[in-house]
Structures are given as structure tokens and as C-alpha cells.
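What follows is a single structure, written as C-alpha cells, with notes after it.
The values are calculated or read from the model by the stated rules, or taken from the named source; none is laboratory data. These numbers were taken from a predicted model, which means no experiment stands behind them. Neighbour counts run over all protein chains shown; Cβ positions are idealised from the backbone, glycine included.
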Amino acid sequence: MRALSKLALITFVAIILGGCAAKGPEMKTVEHVDLDRFMGSWYVIANIPTFLEKEAHNAVETYSLNDDGTIATNFTFRKGGFDGKAKEYNPKAFIRDNVSNALWGMRFVWPIKADYRIVYLDDDYTKTIIGRQNRDFVWIMARTPTISDLDYEQLVSFVESIGYDTSKLQRIPQQW
């Protein structure tokens, strides 16, 4: 019964994330992502969360390139507090634009691949912003669990400049 509930939940998330109705002008991705440099762990600094991520603490998304060109994803966090229940999700990403490597489809459940766009990436691959064409969810991530207030403000300004309502943005508590 528990496995069935989890499958139903994952299916619901996939349907929500797989929505087709685009909001606003085309959301551009970065020009190019060096996938080898992008792989590894990213701490979620802030997001407009999906319902699964509400009350997330110590959220980390880790990517590793598979031999077939897909990307194994491991998303972990603690629900409700630093000592809360550990949660883990393992969607698979598919590169949809092999020129930029910045437009992905993120699959939580077959066959739906949710829109996932690398819309900002600094030159040293230490800060990134992942967006969606629908402008419903967004993730500000960094290689470290915290960033300076100035960096955070600049990234939030960027999120706003691409059409998001930043009043919905939530900082993710990180304590390591």
C-alpha cells in the first residue's frame, strides 16, 4: 500500500511538472553548459517549491552523467527541520538541446518529462538558476550551502527579470 501511495504521489508531481501551457515569452537558457563541470552536488539556496519541497531543510540536488547521455539525479532533503524525516527522489534527466546542454526533460515517472532549464550559470560553475517555461517553479542553487547576501540579491533580481513572482521565493535552511 505504501509503494502504491508513493507511486500515486510521484505520478501527481509528474503531471503537475509536465504541464504544457507556457506562460510569458520564451525562457532562454544559457548558451552552453559543460556537462562534466555541471555534474556534482548543488545546494538549494532558495526556490519556489513544488508541493514535495515545502518545509525542506538541507536540500541538495546531485547530478551524474550516465553512459547513455542521460543524467542520474539524486534530490535529498529533510522535511520540516534539520532533524526531520529524510526524503530522497531520483528522477532521470534527458538533454533536449544537445547544442546548449541547458534544456532538459526531468522524468519522475514514465513517460512525462518535465521542463527543466538552466537559465543562469556563473563562469566558475558555482551558482546556477533552474527555471521552467511556465514560471511556476524555480531553484537557486550553489556549490556551497550558503552564499553572500549580495550574490543572493543579484540572483533574486535575475529570477524577477525572467518573469517570476519573487514574493513566492523561499530560502532553504542549510545547516551542515
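Name the single residue, out of those in the range 147-164 being in contact (Cβ under 8 Å) with a residue 40 or more places away in the chain and more than 21 Å from Val60 (Cα to Cα), that is surrounded by the most Cβ atoms within 10 Å (Cβ to Cβ).
Here the residue is Tyr164.
Which residue out of Ile112, Ile95 is more than 14 Å from the chain's Cα centre (by Cα), modelled with pLDDT under 95 and of a type in the set (Val, Ile, Thr)?
That would be Ile112, the only listed residue that is more than 14 Å from the chain's Cα centre (by Cα), modelled with pLDDT under 95 and of a type in the set (Val, Ile, Thr).
Report the residue count in the range 54-75 for those that are touching a Lys or Arg at 6+ places or on another chain (Cβ under 9 Å) and either within 13 Å of Tyr89 (Cβ to Cβ) or crowded, with 19+ Cβ neighbours inside 10 Å (or both).
Matching residues across the range 54-75 total 7.
Kindly establish whether Trp176 is surrounded by fewer than 13 Cβ atoms within 10 Å (Cβ to Cβ) and in contact (Cβ under 8 Å) with a residue 40 or more places away in the chain.
yes
Report every pair of residues separated by at least 6 positions or lying on different chains whose Cβ atoms are under 9 Å apart, first residue within the range 15-35 and modelled with pLDDT under 50 and part of a loop (DSSP other than H, G, I, E, B), second aromatic (Phe, Trp, Tyr) and surrounded by 12 or more Cβ atoms within 10 Å (Cβ to Cβ).
From residues that are modelled with pLDDT under 50 and part of a loop (DSSP other than H, G, I, E, B), the pairs are Gly18/Phe108.
This table checks each residue for (1) buried (at least 19 other Cβ atoms within 10 Å of the Cβ); (2) touching a strand residue (DSSP E or B) at 6+ places or on another chain (Cβ under 8 Å); (3) touching a residue at least 60 places away in the same chain (Cβ under 8 Å).
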residue: Phe94; (1), (2), (3): no, yes, no
residue: Val99; (1), (2), (3): no, no, yes
residue: Ile112; (1), (2), (3): no, no, yes
residue: Pro145; (1), (2), (3): no, yes, yes
residue: Arg171; (1), (2), (3): no, yes, yes
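Would you be able to tell me the number of residues in the range 67-87 that are within 27 Å of Phe38 (Cβ to Cβ) and out of contact with any His (no Cβ under 8 Å at 6 or more places or on another chain)?
Of the residues in the range 67-87, 12 are within 27 Å of Phe38 (Cβ to Cβ) and out of contact with any His (no Cβ under 8 Å at 6 or more places or on another chain).
Filter the range 50-76 down to the residues that are touching a residue at least 60 places away in the same chain (Cβ under 8 Å) and part of a strand (DSSP E or B), then identify the one that is nearest to the chain's Cα centre (by Cα).
Glu61
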